[in-house]
Each structure stands twice: as structure tokens, then as C-alpha cells.
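Every number here is computed from the coordinates shown, using simple stated rules; none is lab data. This one's a predicted model, so the numbers in the text were calculated from it and none came from an experiment. No Cβ is skipped: glycine too gets one built from the backbone with ideal geometry, and neighbour counts run over all protein chains shown.
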Ligand code: PEP
Ligand code: MN
């Protein structure tokens, strides 16, 4: 059902009036994790002032170590909703447990399914049964075909509002946290009718590569770019090495506007 052979025209997803997949590039920005109301609000203010509507933040954090910050859970979703309402933003947040999908609908505008859960088939089925867009990230070691099949799990249950997100894959290369598979973007756009985004934060794990990789994503035809922003990355409870502070974020968005004007 996700195949372009079955549906030649692009799927356009309406998120509070933002049309994803219609040709314009959309940014999904916000902190890695929801830590406090004040922290989320500071980032939301910055995001809003750059005219961005899609606001991300993790309330359920799938951390590699069980001793690392696991997120605020439902309380984190409540903070996101409150701040998003104050600034008229749409909330994109990861859900890791099928049992939380129903409750999350009250707080989120887009359900994110993270890389580690790309083949959590019960979660995919649960996301397929609701009437909210899903941002599905590519698994750390998933082939493009496996990624497309994961989206098929969601659409086959009735929910066709799926945004695919390339976020880097695991390779032998250690210079970056993951290896951004940039050619996945045109392949996914050719094989499916779904919008495709690129997460430059998790694919590179390097703040100095966010601008060039985001330019590459836009140039190759991505419908959107995701990146993380924190008021003080040095003290962030997760991903402190790669989140942008607010001045860096402002510069990033200005660079993206300059670049978009050249292509
Ligand atoms: C995230 O976007 O918060 C995240 C954990 O990313 P990924 O699932 O791609 O690792
Ligand atoms: Mn992160």
C-alpha cells in the first residue's frame, strides 16, 4: 500500500495546516528530551520565532543504558502539550509502548516511532489503528526494504499518514555516530508515495555537521529536516554533544533559508 506503483501521487500530510510532502521543506525542531517546563518553553519560543511549527521532544527516551535518564513519561507529554498550546506548535513525540498510544493521542499531534522500535510490530499495528500522523524512523540496522515493510504494517491497519525519517545507519565508520544514508531519500521517494525527512542530529552525532548534512538533505529532495535544540546542551540530560544551543539554532535556520533560496 505504500508503493508508488499503487499510488503515483505524493501523500501530503496535514499537521495543523503544515502540508508535509507538497514540495516545501519543513523543520522539526526541539529538545532531545523534555526535562522541565522552562527548558521546553525556552526552545519553543526560539522555534516559534523562526516561524517553525513542528516541535519535537522526547518524553519516553529509549536509552542505551538503563542508568541514563529515561524521560518524564506522561508528565513530559503534558509539558509538551501545554507549551505547544502557548506557542501554537504541533507536538511530535516518541511513543515506545503500544499501551501508551491511546493516551498519547490527547497530547501529541504526531506519533514518533523511534529507530529502536522500527520493527516493534505490535507498536506499528497500534499506530496503524489511530487517526494521527506517524513519523517512522529507520532502524539502526534496517535495510530500506525492511523500513518500507515497517511502514506497510502501519498503513495496512488503516493509517496512511506516515512520514519516513532517515536517521543514519550503523556501519564500520566511527567518525560519525551513525552513517547518514543520504541516497535512502530518493530511493524512498521513488519506491513509496510517502514524505521523507532526514534527522541530522542522530545521523551525525556532530554539531559541526548539521548544516552541511541538512543542505544535502534539502538538495536531494527531503520533505523535512529534524534536529535537536537545547537551551544549554552542556547540561542536557541526553545527547548533550549534538544538540544546538539557541544562537546556533538561529544560525542554522538562517543558513537553511539562504540555501533554499539558491536551489
Ligand atoms: C529521537 O529522535 O529522539 C531519537 C531517539 O532518535 P532515534 O530513534 O532515531 O535514535
Ligand atoms: Mn536525541
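List of remarks:
- Most to least packed among 29-35, 206-212 [average Cβ atoms within 10 Å]: 29-35, 206-212
- Percent antiparallel among DSSP beta bridges (both partners in the chain, rounded to 5): 15
- Label-point gap, in nm, between residue 143 and residue 116 - each point 7 angstrom along Cα→Cβ: 2.6
- Highest-MSF residue in the chain out of 80, 241, 123 [GNM, Cα springs under 10 Å]: 241
- Cα-based Kirkwood hydrodynamic radius, the chain, one decimal, Å: 18.0
- Ascending count of other beta-carbon atoms within 10 Å, so fewest first, for 65, 49: 65, 49
- The packing ranking, built from the mean of other Cβ atoms within 10 Å per residue, places the peptides 197-205, 4-12 in the order 197-205, 4-12, highest first.
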